[in-house]
Amino acid sequence: MASMDRRCFLKHCGRCAIFLAGVEMLDTVGFDGTALAQGLQKGLVHRKLSPYFTPLDGERVRCELCPRECEVEKGERGECGVRENVDGKYYSLVYGNPCAVHVDPIEKKPFFHVLPATSSFSIATAGCNLHCKFCQNWEISQARPDETYNHDLPPEEVVKQAARYQCRSIASTYVEPTIFIEYMLDIGRLAKEQKILKVIHSNGFINPAPLKDLCKVLDAACIDLKGFTDDFYREVTGGSLKPVLETLKQLKENGVHTELVNLIVPTKNDSMDEIRSMCRWIRTELGPDVPLHFSRFYPLYKLKSLPPTPLATLEAAWKTALDEGLHYVYIGNVPGHPAENTTCPSCRKTVIERNGYQIRNVSLIEGRCQFCRHPIRGIWAV
Ligand code: SF4
């Protein structure tokens, strides 16, 4: 692929920004206007044989990638719409074909404990293995790759462009990255050679075997813990809770830095009893140092009739999490709120001061609080 000069980049920005309108809503505010658009083509579909399937009788296959374990007839696709049974073999249709490519602040993922104030080269393909009624990016997550405008961006080009835009990490984000795992794995291997971090924002709905492969290339994972009951998962996301909890335990066992996001949706998952149970589970199973972001819901997609999360609810959740012993608790999608800052759990002084995605001050020395030398969990240097 020919490299892109600045004039070409700017020419394509408008088109990309329009198409990615849904993506700009991710995390709700502060899209920095930087986008990469090159070789966009509707319905560009490359095939790549997936290692994550089992052949069944009569040319049917069972996908082993996520807990849905779709059994797929010849010529058909699984639930996520990006994997197809071609003559008894199962293929990814989105390898090297992202429909969203942005340079974002790492804080937008949101990672608050990974290389603050750096840029993350962020990509997504079409498709998702869940169907959340509050999805901010439903235009691409609920689309098939044949319906979106896609880039022809092989893994080596992703890493090259990330370096070119001085990104310290490459993020698979916006939709569920599990569905383009083969692409992620190859990007991750190449990124490691360049000392660029590989990070994901994921729903955690993945089977243990592919996750084991992913952990080998993954530096950090931001996981949506969307609620803490199976009923909520079934009704609002179409998934289930247990596999997500297993994913979190596996990430911990593999030493992958993990942050959690809990979007609080009024009347759906805003019970303080449920939030308290979730915080207790996090503290017991993952430890008190896992950052937890409570995020404000805004009405969209299939939940337009609900109001935005009241600030009082977010603050009550934040206090509950601190009462339960979690050390790093944040309120997201409320720019300027003091709960965007990182506080040292030992001396209680502010060690990272933020406003939205902007970093105002960092008081860390080699990953420790500069005031009392207490270690602060995170990836602070590469
Ligand atoms: S990754 Fe897609 S095809 Fe595979 S089990 Fe999950 S939803 Fe089904």
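Each reported figure results from applying straightforward, stated rules to the coordinates on display, with no laboratory input. Keep in mind the model is a prediction, meaning the values are calculated, not measured. Neighbour counts run over all protein chains shown; Cβ positions are idealised from the backbone, glycine included.
Before moving on, here are some points about what is shown:
- Springs join every pair of Cα atoms under 10 Å in this Gaussian network model of the chain, and among THR125, THR342, THR284 the largest mean-square fluctuation is at THR284.
- Contour excess over end-to-end distance, with Cα ends at GLN370 and GLU73 and 0.36 nm allotted per residue: 101.0 nm
- For LYS48, the lysines whose Cα falls under 23 Å of its own Cα, not counting residues fewer than eight places away in the same chain, are LYS74, LYS89, LYS160, LYS192, LYS198, LYS212, LYS216.
- Residue of SER346, SER141, SER122 that the Gaussian network model of the chain assigns the largest fluctuation, springs spanning Cα pairs under 10 Å: SER346
- Mean projection area, nm², convex hull over Cα of the range 290-382: 7.2
- Between the range 46-94 and the range 217-251, the alpha-carbon center distance in angstrom: 23
- Per-residue [θ]222 nm for the chain (sum of -39500 (n - 2.57) over DSSP H runs n ≥ 4, rounded to 500): -7000 deg cm²/dmol
- The chain, relative contact order [Cα under 8 Å, separation at least 6], %: 12
- Residue with peak Gaussian network fluctuation, the chain [Cα springs, cutoff 10 Å], from CYS135, CYS70, CYS167: CYS70
- Rounded FRET efficiency, nearest 0.05, which uses the C-beta distance separating VAL217 from HIS46 and R0 of 30 Å: 0.90
- The range 222-314: trypsin sites (Lys or Arg not before Pro) in DSSP loop, at most 10 other beta carbons within 10 Å: LYS304
- When only the Cβ of Lys, Arg, Asp and Glu is charged (+1, +1, -1, -1), the dipole of the range 183-239 relative to its Cα centre reaches about 320 debye.
- Quotient of Cα Rg and 2.2 N^0.38 Å for the range 107-247, N being how many residues it contains: 1.04
- Listed peptides 196-208, 315-327 by packing density, highest first (mean Cβ within 10 Å): 196-208, 315-327
- Inter-label distance for ARG276 and LYS192, nm, one decimal - labels placed 7 Å from Cα along Cα-to-Cβ: 4.4
- For the range 278-354 and the range 143-201, distance of Cα centres in Å: 28
- Projecting the Cα atoms of ILE123, TYR357, PHE53 onto the dipole axis of the chain, where Lys and Arg carry +1 and Asp and Glu carry -1 at the beta carbon, places TYR357 farthest toward the positive end.
- Lysine pairs in the range 223-317 with Cα atoms under 23 Å, if 8 or more residues apart or on separate chains: 10
- Check: the range 229-358 dipole with +1 on Lys, Arg Cβ and -1 on Asp, Glu Cβ, in debye: 200
- Note on LYS302 and ASP231: their simple-model spin labels are 1.8 nm apart, each label 7 Å out from Cα toward Cβ.
- Here the Debye sum runs over all C-alpha atoms of the chain as equal scatterers in vacuum, and log10 of I(q)/I(0) at q = 0.08, 0.09, 0.15 Å⁻¹ comes out as -0.38, -0.49, -1.43.
- Fully extended contour minus Cα-Cα distance, from SER363 to LEU56, at 0.36 nm per residue: 104.8 nm
- Theoretical gain in end-to-end length, ASP146 to ASN355 [0.36 nm per residue, Cα-Cα removed]: 71.4 nm
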